[in-house]
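The values are calculated or read from the model by the stated rules, or taken from the named source; none is laboratory data. As the structure is a prediction and not an experimental result, all values here were calculated from the model. Every residue, glycine as well, gets a Cβ built from its backbone with ideal geometry; the counts of neighbours run over all protein chains shown. Ligands, DNA and RNA are excluded from the accessible area calculation, which covers all protein heavy atoms including side chains. Shrake-Rupley method; radii C 1.70, N 1.55, O 1.52, S 1.80 Å.
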Amino acid sequence: MEIRRTPPKRSRGGPSCLLVLLVIAAFAAGAFVIANADTVRETIILPPTPEPTRSSASYAASAALLERDGELNEAIDAYEQAIRLDGTRVEFYLPLVDLLVAVDRPDEAMEWAEQAVILAPENAGVWSVLAGAHLASGERLLDLGDPTNADLAFAEAVRASRSSTELDPSNAEAYAYLAGALAQLGPEQYA
């Protein structure tokens with residue numbers, strides 16, 4: 001008797017239903033991620049990237065360029081930022097005070113100049129810019145009709161100018177402020 005073996009059944013050779021469903025699900029998930037990529041990006045919070053801190057000298061250099069270009073208020077802001085970063089450098093105060101006088105803000109100019117005098121009382125330049133601030137303040141007070149306080153401001157300008165010229169007898173700016181203040185005070189103050 002002969003035993004017949006039946007060959008095993010072969011698969012059809014095509015993909016199974018399960019494999020087709022997995023591929024379709026992968027495509028659907030990919031399409032969902034691509035469609036919602038902006039939302040996903042917005043929800044990811046990245047740590048801040050470190051940025052180099054600007055130096056006070058960098059702000060002062062920017063201020064000088066802004067002043068040269070006639071952008072005086074922006075230059076004032078840059079000098080103030082330089083001083084906030086390094087308030088020990090008297091060379092930042094001098095142009096700041098001059099700019100504040102130029103834009104008719106003598107009260108602020110006097111505040112910064114007084115800080116500079118405290119910082120460097122042996123510097124003729126700080127006394128000179130203080131004299132300029134007092135002179136501008138006196139002129140403004142005259143314009144406002146307050147001659148008594150104007151005379152006080154002019155007297156302070158004389159005092160600051162003389163302090164500057166004592167420290168540096170060749171400081172032409174201080175002599176100019178001295179002459180302006182004395183001219184406002186009148187001949188009795190020339191002594």
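Which value in nm describes the separation of the simple spin-label points at Y175 and L19, placed 7 Å from the Cα toward the beta carbon?
Computed distance between label sites Y175 and L19 equals 10.2 nm.
With a 1.4 Å probe and all protein chains in place, put T53, T148 in order of accessible area, largest first.
Values: T53 125, T148 100 Å².
Per-residue accessible area, sorted high to low, gives T53, T148.
How large is the dipole of the chain about the Cα centre if only Lys and Arg carry +1 and Asp and Glu carry -1, each at its Cβ, rounded to the nearest 20 debye? Present the calculation step by step, with values, prior to reporting the outcome.
Values: 14 positive and 28 negative charges, 618 e Å.
Result for the chain is approximately 2960 debye, rounded to the nearest 20.
Measuring from a point 7 Å past the Cα of L144 along Cα-to-C-beta, which residues in region 103-123 have an amide N at less than 17 Å?
So the set is 103-112.
Say we join alpha carbon atoms closer than 10 Å with springs in a Gaussian network model of the chain; which of P50, P169, P95 then has the biggest fluctuation?
P50
For the chain, what is the mean residue ellipticity at 222 nm derived from helices alone (per DSSP H run of n ≥ 4: -39500 (n - 2.57); sum divided by total residues; nearest 500 deg cm²/dmol)? List each step's numbers first, then the result.
Values: 9 runs with 135 residues, N = 191.
One gets -23000 deg cm²/dmol as the mean residue ellipticity at 222 nm.
Which value in nm describes the separation of the simple spin-label points at R4 and R162, placed 7 Å from the Cα toward the beta carbon?
13.7 nm
Most mobile of G180, G125, G30 per a Gaussian network model of the chain (Cα springs, under 10 Å)?
Its mean-square fluctuation being the largest, the pick is G30.
With a 1.4 Å probe and every protein chain left in place, work out the accessible area per residue of region 113-173 in Å², rounded to a whole number. Before the final figure, lay out each step's value.
Details: 2890 Å² over 61 residues.
Ligands and nucleic acids excluded, the result is 47 Å² per residue.
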